[in-house]
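Student: First the structure, then my questions, so here it is.
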Amino acid sequence: MKAGSGTSSKSAGAAQAPKKTPVPRSVKAPKAAAAAAFDVPAPPTGLVPFERKLALGLLHDMLRVRRMEEQCAQLYGEGKIRGFLHLYIGEEAVAAGALRALRPADRIVATYREHGHALLRGVKMDAIMAEMFGKREGCSHGRGGSMHLFDAATNFFGGNAIVGGGLPLAVGLALAAKLQGQKSVIACFFGEGAMAEGAFHESINLAALWQLPVLFCCENNRYAMGTALARSESQTDLSAKAAAYLVEAESVDGMDVVAAHQVSLRGAEFVRERGLPMFIEFQTYRYRAHSMFDPDLYRDKAEIEAWKTRGPIHGYSARLKEQGLLTEAQFLKLDAQVEREVRHAVAFAEAGTWEPVADLTNDLCTPPAKSGAAR
């Protein structure tokens, strides 16, 4: 990646890195006319109701996630990142808006598409990139890879590779918080595909019955692992599903970081103060395939281009400019700063160390108790 390479805020919503080639840096935002054929809603407008520090902080958050993910796509094509890789490109507004609504003592449970959540929660980009490379310096010591980022220091309880696998864990964490008298929020991120799993229904049912502080954050990107929502669910109103368990539920534009942050603030306050679960549907869209192995044949390429008119980064930066909170020069400076961070993370990962073969059996079993020790 080249710093100061002329990237504009207009290009950030449209970038999509191919394998084994440099990430495109000067693609213009798509024309809105393309959106009409695919029923893509108009981009959000109006004033950004935040003070400048927060407003620019949200933009910085989204840029950090986007540029890191673009670099991961390139590294995957080069064979430096292996295994499964699920990119968050297009969905950045959800993590950016939601994570800033939470407190350090709150706990986060996420999916296998969790790189952005971990980064914005406070896990260092260096540690995330090293984990992608499988190096000991990674946040999971190189043993988890892309789908299993974990960091106890920031209360980030994983990436989970199983669809819906984090939901029961979140309920367990919430039960522990309640029994210990803590006023913390357990934010659980999952995709709409997980709502067809029994784990979702069991988890939200128990959270409602036991009155547990879980903020259920559904990132509805419309295609789950490759099946359109209407083809897999008879009830496509996801908030209605949650409401069936007598859980407070809202649905919001997940491509709008302003809306995502505002609803997350309301949700976190509701859960924290009332000790009850809440469900939020973030209606979003992923620009990349489900994973790097996915040929993405289940949707029209023109549809993807149409949805790029709703790009969360270029749309939000345009609003900031109209409001006088941002100039193009300031955007480019911020983008260059992010690219330096990404380059540093890649260098850190490449310089990292492999786990010695002698250590491969570590942490597999509990060490035997010493003679005479209490069991």
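The values are calculated or read from the model by the stated rules, or taken from the named source; none is laboratory data. Note that the structure is predicted; figures quoted are calculated from it, not measured. A quick note on method: Cβ atoms are made from the backbone with ideal geometry, for glycine too, and the neighbour counts reach across all protein chains shown. With ligands, DNA and RNA removed, areas are computed over all heavy atoms of the protein, side chains included. Shrake-Rupley method; radii C 1.70, N 1.55, O 1.52, S 1.80 Å.
Student: Within the range 274-375, which chymotrypsin sites (Phe, Trp or Tyr not before Pro) sit in a loop by DSSP and count at most 11 neighbouring Cβ atoms inside 10 Å?
Tutor: On the way: sites: Phe279, Phe282, Tyr285, Tyr287, Phe293, Tyr298, Trp307, Tyr316, Phe331, Phe348, Trp354; in loops: Tyr285, Tyr287, Phe293, Tyr298, Trp354.
Of the chymotrypsin sites (Phe, Trp or Tyr not before Pro), the ones in loops of the range 274-375 whose Cβ has at most 11 other Cβ atoms within 10 Å are Phe293, Trp354.
Student: Another question, then. So how far, in whole Å, is the C-alpha centre of the range 168-237 from the one of the range 266-281?
Tutor: Cα centres, the range 168-237 to the range 266-281: 13 Å.
Student: Enumerate the amide H contacts of Gly90 below 5 Å, restricted to partners 5 or more residues apart or on another chain; note that Pro and chain-start residues carry no placed amide H.
Tutor: Hits under the 5 Å cutoff: Tyr287.
Student: For the pairs Lys80/Lys135; Lys80/Lys301; Lys53/Lys321; Lys124/Lys178; Lys53/Lys333; Lys124/Lys333, flag any whose C-alpha to C-alpha distance is greater than 23 Å.
Tutor: Pairs exceeding the cut-off: Lys80/Lys301; Lys124/Lys178.
Student: Kindly write out, for the range 341-347 in residue order, the coupling ³J(HN,Hα) from the Karplus curve 6.51 cos²θ - 1.76 cosθ + 1.60 (θ = phi - 60°), rounded to whole Hz, with x marking Gly and Pro.
Tutor: Karplus-based 3J(HN,Hα) across the range 341-347 equals 4, 5, 4, 5, 5, 5, 4 Hz.
Student: Take every DSSP beta bridge whose two residues both sit in the chain, then give the antiparallel share in percent to the nearest 5. Write down the numbers at each step before the final one.
Tutor: Numbers: 1 of 23 bridges.
Once the DSSP bridges in the chain are tallied, antiparallel ones form about 5 percent.
Student: Solvent-accessible area of Asp300, probe 1.4 Å, all protein chains present, reported in Å² to the nearest ten, please.
Tutor: Roll a 1.4 Å probe over it and Asp300 shows about 80 Å².
Student: Same structure again: Normalise the Cα radius of gyration of the chain by 2.2 N^0.38 Å (N = residues in it) and let me know the number.
Tutor: Details: Rg = 20.6 Å, N = 375, 2.2 N^0.38 = 20.9 Å.
So the Cα radius of gyration is 0.98 times the expected 2.2 N^0.38 Å.
Student: Right, something else. Once amide H atoms are built 1.01 Å from N in the peptide plane, which residues 5 or more positions from Ala249, or in another chain, come under 5 Å H to H?
Tutor: Phe279
Student: For the range 306-311, what does the Karplus curve 6.51 cos²θ - 1.76 cosθ + 1.60, with θ = phi - 60°, yield as ³J(HN,Hα) per residue in whole Hz, taken in order and with x for Gly and Pro?
Tutor: These are the phi-based 3J(HN,Hα) values: 4, 5, 5, 5, 9, x Hz.
Student: Still on this structure: In Å², and per residue, what accessible area does the range 149-255 have when probed at 1.4 Å with the other protein chains present? Intermediate results must be reported in sequence, preceding the final value.
Tutor: On the way: 4520 Å² over 107 residues.
Accessible area per residue, the range 149-255: 42 Å².
Student: Further question: Calculate, for the range 61-129, the solvent-accessible area per residue in square angstrom, rolling a 1.4 angstrom probe over the heavy atoms of the protein chains.
Tutor: Values: 1620 Å² over 69 residues.
Ligands and nucleic acids excluded, the result is 23 Å² per residue.
Student: Also: Please report the carbon-and-sulfur percent of the accessible area for the range 285-367; probe 1.4 Å, protein heavy atoms only, DNA, RNA and ligands left out. All intermediate terms of the calculation are to be shown ahead of the outcome.
Tutor: Values: 2570 of 4250 Å².
Carbon plus sulfur share of accessible area: 61 percent.
Student: With an 8 Å Cα cut-off and a minimum separation of 6 or more residues, compute the relative contact order for the chain in percent.
Tutor: Values: 723 pairs, mean separation 94.0, N = 375.
Normalised by residue count, the contact order of the chain is 25 percent.
Student: Could you look at the range 52-205 and say what percent of its accessible area is carbon and sulfur, using a 1.4 Å probe and all protein chains? Numbers along the way, then the final one.
Tutor: Numbers: 2680 of 4890 Å².
Result for the range 52-205: 55 percent of the exposed heavy-atom area is carbon or sulfur.
Student: In debye to the nearest 20, how big a dipole does the chain give about its Cα centre with +1 on each Lys and Arg Cβ and -1 on each Asp and Glu Cβ?
Tutor: Dipole of the chain, to the nearest 20 debye: 780 debye.
Student: In square nanometres, what is the average projected area of the Cα convex hull of the range 128-272?
Tutor: Details: hull surface 37.9 nm².
Approximately 9.5 nm², given one-decimal rounding.
Student: Another question, then. Just want to confirm a number: the relative contact order over the range 197-299, from Cα pairs under 8 angstrom separated by 6+ residues, in percent. Let's see the in-between values first.
Tutor: On the way: 136 pairs, mean separation 40.6, N = 103.
It rounds to 39 percent for the range 197-299.
Student: Continuing with this model, one more query. Check which residues have an amide H placed less than 5 Å from His141's amide H, if you skip close sequence neighbours.
Tutor: Amide H neighbours of His141: none.
Student: Please list 233-244, 101-112, 64-75, 151-162 highest first by mean number of surrounding beta-carbon atoms within 10 Å per residue. Don't jump to the answer; show the numbers that get you there.
Tutor: Values: 233-244: 15.2, 101-112: 21.4, 64-75: 23.6, 151-162: 18.3.
Result, highest mean Cβ count within 10 Å first: 64-75, 101-112, 151-162, 233-244.
Student: Got a sec? Charge dipole of the chain, +1 on Cβ for Lys and Arg, -1 for Asp and Glu; which of Asn220, Met125, Ser291 is way out at the positive end?
Tutor: It is Met125, whose Cα lies furthest towards the positive end.
Student: For Phe84 and Val357, FRET efficiency with R0 = 22 Å and r from the beta-carbon atoms, rounded to 0.05?
Tutor: Calculated transfer efficiency: 0.40.
Student: Considering every Cα-Cα pair within the range 66-125, what fraction, in whole percent, is farther apart than 14 Å?
Tutor: Details: 1023 of 1770 pairs.
Tail of the P(r) past 14 Å holds 58 percent of the pairs.
Student: Also, quick follow-up: Could you identify which residue out of Val357, Val342, Val163 has the top mean-square fluctuation in a GNM of the chain using Cα springs shorter than 10 Å?
Tutor: Answer for the Gaussian network model of the chain: Val357.
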